[in-house]
Amino acid sequence: MAKDIQGVGLGIASRFAGSEFARKFGLRKPAEKLAYAGTKKGFEVIGQMVAKKAAKKGDAQILLPEPSKHGLFDLTLSEEQQMIKDTVRSYAEEVVRGLAHDANEAMTLPDTFLQDIMDLGLNFFSVPESLGGAAQAYSPTTSAIIAEELAWGDFSLAYATLAPVAVANAIVKWGTDAQKEKYLPAYLAETPVQAAIAVQEPAALFNPAKLSTKAKKTKTGFEISGVKTLVPFGGNANMYLVAARYKRKNRLFLVPGDAPGLSWKAAPAMGLRAVATGTLTMEKAPLSSDALLGGKDFDYQTFIDLGQLHWCALAIGACQAALDYLIPYVNEREAFGEPISHRQSVAFMVANIGIELESMRLMVWRAAALAEMGKPFHREAYLAQLLCADKAMEIGTNAVQLLGGHGFTKEHPAERWYRDLRILACINGGMHL
């Protein structure tokens, strides 16, 4: 596995920033800024590398390397994907994981978290190169890899990071040229964008295909009314991408965060507490004439499927974090004179977590790869979502169980993983690979 320069540099700078020497001589802040600036530049370099390789290969873009000449099934990541994976994992390990506990307790994002994420440079991969970004081709699986690695640090903070990116992904895939030129440059500015997709509604057994939020045409544009729940960012979002019923079809509308008729009410949930979820109410909110996302080629079911895959990728990252935490714990924790991993009931439970985790990852990558190639993937996305919703809750429960009494306390992160992972069985959209 390649170890990228950015991951190493970030690790060194982070350790130096936390040292007694840096504290004594006031060098902590400069060291942190150096780490973030270096990582941001690294993502720009990665983008340039991708562009050069794409130019050599022509217009054809593939997610994974071509199958080997021996005809073997190969899911090896490309060099660029491996570099991105390693870099994001380094950031998740060095920065995100250390913020998770306090952010969960405070039910708000750390003060500079979104700005630091901007400095990391992930936003460059959300914007096409023609508009100043680093995106060369539509790549749901690369997005899934990024989501997985960030969620390894923390599920809730990863959601806060990727919710605005999900809006950009939807605009890139479905938006008109005018909408791309209007909204995407904000992702390259110095101020972080707080944007979120709002699909979920406060209804029992909510079905994303049967929306109660309505939109209608007016003389000056559109008007939208309805209620959305589990909306992040504490009512401070710059923009919402809202799913609503329009002319007997489900469509998406770009709604400014300060539009008249919008109100937001805090509604802390069992999980995702760091993103300050709440309820967004729209009462005849007026929208501009270009608020309707995309044209006749918009496919609402594909939009929902890509969102579910994004949630699955986040769950995989959190489940991988649980497994990586449990293995050393059960090997070091002793009971009756020996490590508890010597007990078959414990060993089999840990082994099953590894088995189910690999099946989750392969199904999500399979669906994302089909989406990237422009092939039908609804069946694969549906099966991946069913599997991940079921197994994520099982893994979260077993993580608490394997830690025994420790699993019930906030001293260990298992209870947070358990609460966050249960969202998969409740959510029906709100993301976009």
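Each value in this text was obtained by applying a stated rule to the coordinates, not by laboratory testing. Owing to the predicted nature of the structure, the values given are computational and were not obtained by experimental measurement. When we count neighbours, we look across all protein chains shown, and the Cβ atoms used for this are built from the backbone with ideal geometry, even at glycine.
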> From the phi of every residue in the range 96-108, what ³J(HN,Hα) in whole Hz does the Karplus formula 6.51 cos²θ - 1.76 cosθ + 1.60 yield, where θ is phi - 60° and glycine or proline is x?
Replying inline: 4, 4, x, 8, 4, 4, 5, 5, 5, 5, 7, 6, 7
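Can you compute the FRET efficiency between residue 375 and residue 352 using 1/(1 + (r/R0)^6), with r the Cβ-Cβ distance and R0 = 45 Å? Round to the nearest 0.05.
Step by step, r from the Cβ atoms, then E = 0.90.
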> Taking the range 369-433, which trypsin sites (Lys or Arg not before Pro) meet the DSSP loop condition and have no more than 13 other C-beta atoms within 10 Å?
Replying inline: 410
>> Suppose each label sits 7 Å from its Cα in the direction of the beta carbon; what would the residue 401-residue 249 distance come out to in nanometres?
In response: 4.7 nm
> Quick one: if the Förster radius is 35 Å, what FRET efficiency do residue 344 and residue 296 give, using the C-beta to C-beta distance and rounding to 0.05?
Replying inline: 0.05
> Name the chymotrypsin sites (Phe, Trp or Tyr not before Pro) in the range 319-415 that are in a loop by DSSP and that have at most 14 other C-beta atoms within 10 Å, would you?
Replying inline: 336
> Given H placed 1.01 Å from N in the peptide plane, which residues other than close sequence neighbours of residue 107 have an amide H under 5 Å from its amide H?
Replying inline: none
>> I'd like the GluC sites (Glu not before Pro) in the range 148-224 restricted to DSSP loop residues with at most 14 other Cβ atoms within 10 Å, sorted by number.
In response: 190
>> So if I take the centroid of the Cα atoms in the range 143-205 and the same for the range 389-412, what is the distance between those two points in Å?
In response: 29 Å
> Where in the range 381-417 does the label zone of residue 336 land, with the point 7 angstrom along Cα→C-beta and an amide N cut-off under 13 Å?
Replying inline: none
>> Using amide H atoms built in the peptide plane, which far-off residues or other-chain residues are under 5 Å from residue 222 H to H?
In response: 287, 288
> Under the classification rounded if a/c is under 1.5, otherwise prolate if a/b is larger than b/c and oblate if not, where does the range 196-287 fall, given a ≥ b ≥ c as square roots of the Cα gyration tensor eigenvalues?
Replying inline: oblate
